[in-house]
Structures are given as structure tokens and as C-alpha cells.
Amino acid sequence: MHIEIDKDRCIGAGQCALTAPGVFTQDDDGFSALLPGREDGAGDPLVREAARACPVGAITLSEDK
């Protein structure tokens, strides 16, 4: 899985970090960021729920090919 965060769309609601704290965090400005080494979701089952929880749809998940 590959995770992308649209930094232009993110409003810093933090729902991703609350839902999947093992993958997402917030940067110094309060916007969503991936924890180092977690760009693939690290097998966390809550990643999809975190993407759905984003109020502005800033998180895109794609399957690795």
C-alpha cells in the first residue's frame, strides 16, 4: 500500500493521527504527516479508516503493484 497526503488540501483536523497514531502524526504546523518508515502503512489495519475519517479527503491510498 502507498499513502499520500495532499498537503494543499489538508486542514489539520488530525482525524488521521487520532485514528491511526502508529502511521500518522501532525507536523509542527499542525498538518498531517506520515511517521518515518510508515509510508506503506506498516500493515496497520486502521489506515483505511483514517483515510475515510479525513473530513476533506486529503489522504489517498493506492495498492502497490
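The values are calculated or read from the model by the stated rules, or taken from the named source; none is laboratory data. Predicted model, so just to flag it, every value in this text is computed and none were measured. Note that we place each Cβ from the backbone using ideal geometry, even for glycine, and neighbour counts take in every protein chain shown. Surface areas here come from the heavy atoms of the whole protein model, side chains and all, with no ligands, DNA or RNA. Shrake-Rupley method; radii C 1.70, N 1.55, O 1.52, S 1.80 Å.
Observations
- Selection count where residues are at pLDDT below 95 and on the phi < 0 side of the Ramachandran plot, scope the stretch 37-65: 9
- Across the stretch 6-62, the number of residues qualifying as open to solvent by less than 70 Å² (accessible area, probe 1.4 Å) and either outside any loop (DSSP other than H, G, I, E, B) or touching a residue at least 40 places away in the same chain (Cβ under 8 Å) (or both) comes to 24.
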